[in-house]
Amino acid sequence: MRFSYPSLVKRVGLLLNQASRLNWTPEGQAWKSGVLSVASEAWLAELADLPGFAARTNDLKVRIERDRLALQHAESTVGGYTYGLTFGMFAQILIGHAMYNAVVSVQGELSEAERLGIEYGKLLVDVCVGVTIQDLDHGLLGLLNLVEPAGLAWYQTTPDKVRHAWPYLSPDARYHVIRRCVHAYKHIAEYKLGHNNSPQILEEHLPTAETLLGSLPLITWHDNIPDCVLCAKEYGVPAHSLAIWTSRFFPRARASIARQMRTF
């Protein structure tokens, strides 16, 4: 069944229900109104016309459910409060301390609660922008296929960490992860096809979750790193003049290649 606006409204309501009695307070209702003014029926209708609607709304459902569980956990830890989570605690859990402080530190025409809801609505909309977790799975599976079966242990751990972070990444950050998957694939594929390295050797150069999500150097250092503009930038070394954006390794003397292989 396709994801519908009533389903979105229900899920937003469950967030309020998770925090005791907030659903029946003026603040709670104003917050909900703010969320749905951004993650609106019109927005969802436009989203339904884009490719990958099911994948995008699956990411959205995962995000909201994770947030609900975070509220549930927080609710269980505030036994000292008669009514459970306060509205301020509720809003901070959903949008983070920095964004919460930015909203409450300024005055606006709308109520504070509604403005906090609008910020959460923006986060929900962002989850559906850009590449989806299907694109991520495609990139990760491609890396596994290069080094299978040696990469099975990697595939059972690293992708899970990246998928867990996925619904909380900005659209630009998600695209950054996909670019790094493609970048790693090119390098590992070139070494596999060009030098007949074993899967066990290539597996050592599969990117970790921290590498994919962050800015650590993507590929272990070797002599041809400067031939790739992106890798040279990550290591802070000058790129070779022949380097091009496609990150291809250029062949060198046989002795040099043998020396490179010893670094794997």
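The values are calculated or read from the model by the stated rules, or taken from the named source; none is laboratory data. Keep in mind that what you see is a predicted model, and the values were worked out from it rather than measured. Every residue, glycine as well, gets a Cβ built from its backbone with ideal geometry; the counts of neighbours run over all protein chains shown. Ligands, DNA and RNA are excluded from the accessible area calculation, which covers all protein heavy atoms including side chains. Shrake-Rupley method; radii C 1.70, N 1.55, O 1.52, S 1.80 Å.
Quick check on the range 137-153. Is at least one of its residues assigned by the TED database to the domain that holds residue 207 and either under 11 Å from the mean Cα position of the chain (by Cα) or of a type in the set (Ser, Thr, Tyr) (or both)? There is no residue in the range 137-153 that is assigned by the TED database to the domain that holds residue 207 and either under 11 Å from the mean Cα position of the chain (by Cα) or of a type in the set (Ser, Thr, Tyr) (or both). Taking the range 10-21 as the range and being open to solvent by 40 Å² or more (accessible area, probe 1.4 Å) and either part of a helix (DSSP H, G or I) or among the polar types (S, T, N, Q) (or both) as the test, the residues that pass are 10, 11, 14, 17, 20.
Exactly one residue among 140, 136, 169, 94 is among the hydrophobic types (A, V, I, L, M, F, W, C) and over 30 Å from residue 228 (Cβ atoms), and that residue is 94.
What residue, among those in the range 183-211 that are among the small types (Gly, Ala, Ser) and not in a loop (DSSP other than H, G, I, E, B), is most open to solvent (accessible area, probe 1.4 Å)? Lay out the reasoning, then the answer.
We begin by selecting, within the range 183-211, every residue among the small types (Gly, Ala, Ser); these are 184, 189, 194, 198, 209.
Okay, now just the ones that are also not in a loop (DSSP other than H, G, I, E, B), so 184, 189, 194, 209.
Values: 184: 0, 189: 16, 194: 52, 209: 3 Å².
This residue is 194.
Using the structure shown, decide if residue 206 is of a type in the set (A, V, I, L, M, F, W, C), farther than 14 Å from residue 151 by Cα and assigned by the TED database to the domain that holds residue 155.
When the stated conditions are applied, residue 206 does not pass them.
Kindly indicate whether residue 198 is out of contact with any His (no Cβ under 8 Å at 6 or more places or on another chain), without any contact (Cβ under 8 Å) to a residue 60 or more places away in the chain and closer than 23 Å to residue 60 by Cα. Answer is no for this residue. Any residue that is closer than 30 Å to residue 34 by Cβ and surrounded by 20 or more Cβ atoms within 10 Å (Cβ to Cβ) - is there at least one of those in the range 170-182? Checked against the condition, which is being closer than 30 Å to residue 34 by Cβ and surrounded by 20 or more Cβ atoms within 10 Å (Cβ to Cβ), the range 170-182 yields at least one hit. Pairing residues of the range 96-116 that are touching a residue at least 24 places away in the same chain (Cβ under 8 Å) with residues that are in a helix (DSSP H, G or I) and open to solvent by 80 Å² or more (accessible area, probe 1.4 Å), at Cβ distances under 7 Å and at least 6 apart in sequence or on separate chains, gives 113/27.
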